[in-house]
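Here's the structure, in structure tokens; my notes come after.
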């Protein structure tokens, strides 16, 4: 595998930003690592970070590079700060950046496939929200998405004060309008289920001791009523990296590569 720290300029954000990139590399003499490479264009996983993290965190807290070595999969890990992958009411256009601009930049820099069947998203916590938001907003672009302990029912989080409401107002504006909006995953899921277009495969997991467990149950039940293709897993676990290190391995095995 090749690991690239990529610093670049974003027109959507109006500033320089960063992403870490893992690219497949075919090797024959590397000790202790499987390898896979040689394709003209690689399938891609956009792997998203949580609220208090950045683009380096998946590499610092897990062995995702080693886990992906034999898969022939490119992994893109962008920085979005505390934006909730949203065009902020008082801030920068992170949704435009992550959904439209970033994939174009990635494909211009690296040998990445633009085919739907080769494009996936995953993330933890805030990043789980971002991954599902990408796939449910653009089911024509994403074949599958995974949420690990995701903030998948933001309207519920607002009502129960699980997150900082003053900060969320800077992101979403009027929080009373969050439910039913383009930032509400339950609404997006309902639209995808009702459409005649393609529907992404979904993977969702959450630890039973996680503070977001209740809203994960909400999304699971909603997806079940809609008959979406959702694989749900739960078990003992809190909102922490030991759990996510295990679950990202399950996500990589689940991806329809």
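Table: residues versus (1) at positive phi; (2) under 17 Å from the mean Cα position of the chain (by Cα); (3) surrounded by 14 or more Cβ atoms within 10 Å (Cβ to Cβ).
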| residue | (1), (2), (3) |
| --- | --- |
| 204 | no, yes, yes |
| 209 | no, no, no |
| 216 | no, yes, yes |
| 221 | no, no, no |
| 232 | no, yes, yes |
| 236 | no, no, no |
| 248 | no, yes, yes |
| 252 | no, yes, yes |
| 256 | no, yes, no |
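Take the conditions under 21 Å from residue 86 (Cα atoms), surrounded by fewer than 21 Cβ atoms within 10 Å (Cβ to Cβ) and at pLDDT 95 or above and apply them to residue 195. Does it pass? In short, no. Tell me, please, whether a residue that is out of contact with any strand residue (DSSP E or B) (no Cβ under 9 Å at 6 or more places or on another chain), surrounded by 16 or more Cβ atoms within 10 Å (Cβ to Cβ) and not in a strand (DSSP E or B) can be found in segment 38-58. Yes, segment 38-58 has at least one match. In summary, residue 135 fulfils each of the numbered conditions (1) under 16 Å from the mean Cα position of the chain (by Cα); (2) closer than 21 Å to residue 17 by Cα; (3) in contact (Cβ under 8 Å) with a residue 60 or more places away in the chain with the single exception of condition (2). Here residue 35 fulfils each of the conditions (1) farther than 19 Å from residue 246 by Cα; (2) modelled with pLDDT of 95 or more apart from (2).
Checked against (1) assigned to a strand (DSSP E or B); (2) free of Cβ contacts under 8 Å to residues at least 40 places away in the same chain; (3) crowded, with 17+ Cβ neighbours inside 10 Å, residue 5 meets all criteria but (3).
Scanning segment 127-156 for residues that are surrounded by fewer than 21 Cβ atoms within 10 Å (Cβ to Cβ) and closer than 25 Å to residue 235 by Cβ returns a single hit, 156. For segment 15-29, how many residues are loosely packed, with under 11 Cβ neighbours inside 10 Å and modelled with pLDDT of 95 or more? Of the residues in that region, 2 qualify. Of all residues in segment 141-153, those that are closer than 16 Å to residue 48 by Cα and part of a loop (DSSP other than H, G, I, E, B) total 5. With respect to the conditions (1) touching a residue at least 60 places away in the same chain (Cβ under 8 Å); (2) at negative phi; (3) over 17 Å from the mean Cα position of the chain (by Cα), residue 31 falls short on a single one, namely (1).
The values are calculated or read from the model by the stated rules, or taken from the named source; none is laboratory data. Since this is a predicted model, take the numbers as computed values, not measurements. Note that we place each Cβ from the backbone using ideal geometry, even for glycine, and neighbour counts take in every protein chain shown.
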